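The values are calculated or read from the model by the stated rules, or taken from the named source; none is laboratory data. This is a predicted model, so every value here is computed, not measured. Positions of Cβ are generated from backbone atoms using ideal geometry, with glycine treated the same way; all protein chains shown enter the neighbour counts.
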Amino acid sequence: MNKTLLVLAAARYQLDTIRCARRLGHRVVTLDNRPDNPGHREADKSYNIDTTDMEAVLEAARHERVDGVIAACTDVAVPTAAFVSRELHLPGPPLESALITCSKIRFREFLAGKRFPVPRSLTIDSSREPDAALFEHRRWIMKPDQSSGSKGIFVVCSRAEFGERLPQMLNFSPTQTGILEEFIEGHQGTCELVLRHAEIALTCISDRATADLPYVATRGHFLPSKLSTALESKLLIELARACNLLGITAGPVDCDFVAAGDQVYLLELSPRMGGNCISALMRQALRFDIVEHSIRLALGEDPAPPVGLGVRPCAAVILGVDEAGSLTYDPEGMQSLQRESWVQSLSLDMDQGAAVEPFINGRNRVGEALVIGTDREEVEAKVAELYRRLRLRAIQVSTPGSKKG
Ligand SMILES: Nc1ncnc2c1ncn2[C@@H]1O[C@H](COP(=O)(O)OP(=O)(O)O)[C@@H](O)[C@H]1O
Ligand SMILES: [Mg+2]
């Protein structure tokens, strides 16, 4: 006991990890370049270093004599965690795989090279215009190379729309490049895996609700998934093969996929825990604590996840508003919802009146909820009821210059 865990990033999504590690009796060191992030206040020690500055993070890790490093729910820090664990001989995924999976361009090349099903795609930057003929019969999705939370991602139907969105997309790309790929209409899902000894030891497949096009922000995860058994086994076979080829043999893996016809397309895969309340969802659905499991693993233990878990129907809802403005909701509705037995948790990130942006990417969320039901249908009905009673929206604030007459 009493080991030291380095947690990369200290934002809202890392709080679970920080708290759990401390509850297990460990010393926690947090690190990122936002000193006012909430996780630092709960850590034993914190550093003001960019999580992508590999050498500086390694130096801090050496100085603190850490026994483990974890990048929970954050993609950009995954290669750094892999680098530190390699240099200090700690558990972690191979650095090369972390670099492949955190780049959308490199991950597509990997998948195509290994003959996985992939949408047609091309690399884009500010100097290349895609052929107008591309847009004749299909929709395309443009994504920054290294980004997350649907930031800078747009579905486009014409070259004009592409041109309009390009600067916004590049704005979120540290490499000033991105990918344009065929938008696959289908069943959107997320799969959390736990690998042990190079085999899948536990899975959690959810159906993902997304924002209305042209945006794709995740608005919720619903369990149990409605994916057919045949597609589910296809997904797991593909995931096992991808992890195997990438040399990822232990720990959590977070994957977004889309199933269309009899194909499953792996959109994104990362050797880390998923964000968007996934760990709370798994705790509710499976009574399995992926956070505690991942911490034990990062600190050199070899925990075995439980087998044969049944899925309890539930949904994680990420709350947001459609327009920019001032946040408003029904406070009585909120309080009465919080007392409902089917609302496991419901919280807003900001107060009534706060300035909010439309929910087009994860950054613009305003809260979250965890809803349970006896079956999937009831869960969906309860989520609809939650939206109805909360009456969450943004109202336009009139500024002095906007008055008419
Ligand atoms: N080729 C595609 N076809 C259909 N949907 C896609 C495609 N690529 C991405 N998406 C949608 O966009 C979302 C965000 O894309 P993703 O590659 O997962 O980026 P991020 O790192 O922002 O999560 C996905 O979860 C999915 O809903
Ligand atoms: Mg994703």
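Descriptive notes on the structure:
- Residues satisfying the stated conditions in the stretch 62-77, i.e. within 16 Å of ligand 2 (Cβ to nearest atom) and either aromatic (Phe, Trp, Tyr) or surrounded by 20 or more Cβ atoms within 10 Å (Cβ to Cβ) (or both): Ala71, Ala72, Cys73, Thr74, Asp75, Ala77
- Leu227 crowded, with 18+ Cβ neighbours inside 10 Å, within 16 Å of ligand 1 (Cβ to nearest atom) and not aromatic (Phe, Trp, Tyr): yes
- For the stretch 146-182, the set of residues classified as more than 14 Å from ligand 2 (Cβ to nearest atom), in a loop (DSSP other than H, G, I, E, B) and buried (at least 16 other Cβ atoms within 10 Å of the Cβ) consists of Ser173, Thr177, listed by residue number.
- Restricting Phe257, Phe222 to those that are away from ligand 2 (no atom under 13 Å from the Cβ), aromatic (Phe, Trp, Tyr) and out of contact with any Cys (no Cβ under 6 Å at 6 or more places or on another chain) reduces the list to Phe222.
- Residue tally, condition among the aliphatic types (A, V, I, L, M), within 12 Å of ligand 1 (Cβ to nearest atom) and within 18 Å of Glu380 (Cα to Cα), over the stretch 201-217: 2
- For the stretch 212-224, a tally of residues being assigned to a loop (DSSP other than H, G, I, E, B) and surrounded by 19 or more Cβ atoms within 10 Å (Cβ to Cβ) returns 2.
- For the stretch 25-43, filtering for residues that are crowded, with 16+ Cβ neighbours inside 10 Å and part of a loop (DSSP other than H, G, I, E, B) leaves 3.
Conditions tested, residue by residue: (1) part of a strand (DSSP E or B); (2) at pLDDT below 95; (3) farther than 13 Å from Pro271 by Cβ.
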position	(1), (2), (3)
Ser85	no, no, no
Leu90	no, no, yes
Pro93	no, no, no
Glu96	no, no, no
Leu99	no, no, no
Phe107	no, no, no
Leu111	no, no, yes
Phe116	no, no, yes
Leu122	yes, yes, yes
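- Subset of the stretch 134-174 (residues that are among the hydroxyl-bearing types (Ser, Thr, Tyr) and near ligand 1 (Cβ under 9 Å from one of its atoms)): Ser147, Ser148, Ser150
- Output for the stretch 358-394, where each listed residue is β-branched (Val, Ile, Thr), surrounded by 12 or more Cβ atoms within 10 Å (Cβ to Cβ) and modelled with pLDDT of 95 or more: Val366, Val371, Ile372, Val379, Val383
- Helices (runs of 4 or more DSSP H) completely within the stretch 245-349 that count 2 or more residues being of a type in the set (Val, Ile, Thr) and in contact with a Ser or Thr (Cβ under 8 Å, 6 or more places away or on another chain): 290-298
- Considering the stretch 330-351, the residues that are farther than 26 Å from Arg376 by Cα and under 26 Å from the mean Cα position of the chain (by Cα) include one that is surrounded by the fewest Cβ atoms within 10 Å (Cβ to Cβ), namely Asp351.
- Within the stretch 96-109, tally of residues that are out of contact with any Asp or Glu (no Cβ under 9 Å at 6 or more places or on another chain) and crowded, with 19+ Cβ neighbours inside 10 Å: 2
- Of all residues in the stretch 128-145 being part of a loop (DSSP other than H, G, I, E, B) and in contact with an Asp or Glu (Cβ under 8 Å, 6 or more places away or on another chain), the one that is farthest from ligand 2 (Cβ to nearest atom): Arg138
- Test for Val84: is it buried (at least 17 other Cβ atoms within 10 Å of the Cβ), more than 16 Å from ligand 2 (Cβ to nearest atom) and either of a type in the set (Val, Ile, Thr) or under 22 Å from Ile49 (Cβ atoms) (or both): yes
- Restricting the stretch 252-277 to residues that are among the acidic types (Asp, Glu) and near ligand 1 (Cβ under 10 Å from one of its atoms), the residue that is surrounded by the most Cβ atoms within 10 Å (Cβ to Cβ): Asp254
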